[in-house]
1. When you go through (1) surrounded by fewer than 18 Cβ atoms within 10 Å (Cβ to Cβ); (2) modelled with pLDDT under 95; (3) under 27 Å from L222 (Cβ atoms) one by one for G354, which number turns out not to apply?
2. For the range 268-300, give me each residue that is open to solvent by less than 40 Å² (accessible area, probe 1.4 Å), assigned to a strand (DSSP E or B), out of contact with any Gly (no Cβ under 8 Å at 6 or more places or on another chain) and not acidic (D, E).
3. Kindly list, by first and then second residue, each pair from a residue in the range 104-120 that is under 15 Å from E131 (Cα atoms) to a residue that is away from the ligand (no atom under 14 Å from the Cβ) and modelled with pLDDT under 95, limited to pairs with Cβ atoms under 8 Å and residues at least 6 apart or on different chains.
4. Would you pick out the residues in the range 113-128 that are open to solvent by less than 50 Å² (accessible area, probe 1.4 Å), within 16 Å of the ligand (Cβ to nearest atom) and part of a helix (DSSP H, G or I)?
5. Go over the candidates A350, A319, A411 one by one and state the one that is within 23 Å of L248 (Cα to Cα) and not acidic (D, E).
6. Restricting to the range 300-331, and then to whatever is modelled with pLDDT of 90 or more and of a type in the set (S, T, N, Q), can you tell me which residue is nearest to the ligand (Cβ to nearest atom)?
7. Looking at the range 83-105, which of its residues are surrounded by 24 or more Cβ atoms within 10 Å (Cβ to Cβ) and within 14 Å of the ligand (Cβ to nearest atom)?
8. List every residue pair whose Cβ atoms sit under 6 Å apart, with the two residues 6 or more apart in sequence or on different chains, where the first one lies in the range 322-343 and is within 27 Å of L270 (Cα to Cα) and of a type in the set (A, V, I, L, M, F, W, C) and the second, anywhere, is assigned to a loop (DSSP other than H, G, I, E, B) and at pLDDT 90 or above.
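The values are calculated or read from the model by the stated rules, or taken from the named source; none is laboratory data. The structure presented is a predicted model; accordingly, all values stated were derived computationally and were not measured. Here the Cβ positions follow ideal geometry from the backbone for every residue, glycine too, while neighbour counts run over all protein chains shown. Areas reflect the complete protein model, heavy atoms only, side chains present, ligands, DNA and RNA absent. Shrake-Rupley method; radii C 1.70, N 1.55, O 1.52, S 1.80 Å.
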Amino acid sequence: MWSCVARPTTTWPPVTSAERTFRVGLLGCGTVGAAFEQLLPRHAARVQAITGLRPAISGVLTRAGGAFEAILEDSDLIVELLGGIEPAREYVMRAMDAGRHVVTANKQLLSQYGEELWQLARERGVQLRFEGAVAGVVPVVRVLQESLAGASIDRVHGIVNGTTNFILTEMERTGMTFAQALEEAQRLGYAEADPSEDVDGRDAAAKMAILARLAFDTPVHLSQVHYEGIELIQPDDLEYARELGLGLKLLGTAERLEDGLSVRVHPAFLYPGHPLAAVHGPFNAVTVESDAITEITMSGPGAGGPQTASAVLGDVISAMIPPASTPPTSKNLEIVQDVVSAFYLHLEVADQPGVLAQVAQVLALQAVSVKSVVQKGLGDQARLVMVVHPVLESRFHAAMDLIAGLDVMRAPPRAIRVLEEEFG
Ligand SMILES: NC(=O)c1ccc[n+]([C@@H]2O[C@H](COP(=O)([O-])OP(=O)(O)OC[C@H]3O[C@@H](n4cnc5c(N)ncnc54)[C@H](OP(=O)(O)O)[C@@H]3O)[C@@H](O)[C@H]2O)c1
């Protein structure tokens, strides 16, 4: 772990008076901030060759020291790496209000206050860049904002949380329980001491809100993103699903539907040909689909101090070159909650004749049709594992409620969505 000392406003490293300096005020010096502080001087000469300006840290704010007002006064650009909402929001607003460019990696802030921040950036003619906020070093923000600005995007799928992808990979690979795989992730530094926002899907939901806003030109607030986590995934689900040719991911989806836009995060099984099925361990990946481009997948390390710091530095360098801004949204698509999904269904049932017929009858009542089914085990181990064709989720949940009430059920039913498209 890097270390950095909170400093007031003396340019660091010292520069000669002949050099024209671009002063970077750094707010926060934890995992990412400390790595950024180490990285910047190593690239300063190269950046100077490109831009004519030598970037240098002009002040650092931590809880241990530094004063925001003084750092602001002595900066051309503010890098916000505090995390959380306040005081990050206040400092970012004040920096832009004072005409400073801002670079941040703060997904919680942007997924809840993005619209007012982007508006202020436009009003003040400054840049607010945030590549590090989504999928770490994978340059998906830039690709959506710039490279794909001319494409009409239909859907974005993302594995945008490395912690959960590592846990699911370990569970699939070794047969570990969720708790064991989480412990392993913490031991290896892929999960924080408090991993709740990662494993319950909220971290991924914040990133998907930002991606959806960029891809669909519609304001999307974190509160509009439906999210489910991976805490309830059982090893035997993964084992049975493998027999059906399926692998599990915590999948973020933002897609244009006839009646609006759906943005959601939940575990989903993928068939092996899907471009995201091969993304294992702590990696992130995002697939963008559009008529014009067919499909583009970008993948790479999703987090980590040095990795995120390199995305932040890329933003700082971009801000030093010509202006780019996040334009106001021009659409206001309805956010849709009830979407069509296929499901994997795991039922622990009594080992007696007629059980499958009862379940099939309930499913038929809600127009849920079965694609494949396997019967496993005997006696107390008897199970029905099936995949059903895509159906409106409200109908499926109604069928699940009815199934849960059947006398033949020995445990509550378990269901996980299945991505239907077969690629390749
Ligand atoms: N870590 C990653 O891999 C990663 C990846 C992508 C994006 N991000 C984002 O990057 C940002 C920073 O993450 P991080 O992992 O570097 O966080 P961190 O390790 O917790 O560091 C936060 C830093 O901000 C300081 N700080 C927090 N509140 C403060 C306050 N009120 N006043 C002054 N200083 C304050 C902390 O000081 P103390 O140490 O004294 O508390 C610490 O130096 C977050 O928005 C995070 O979501 C992180």
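1. (3)
2. The answer is A268, V288, S290, M298.
3. W118/S325; W118/T326; W118/P328
4. G114, L117
5. A411
6. T308
7. Across the range 83-105, the qualifying residues are V92, V102, V103, T104, A105.
8. From residues that are within 27 Å of L270 (Cα to Cα) and of a type in the set (A, V, I, L, M, F, W, C), the pairs are V336/D259.
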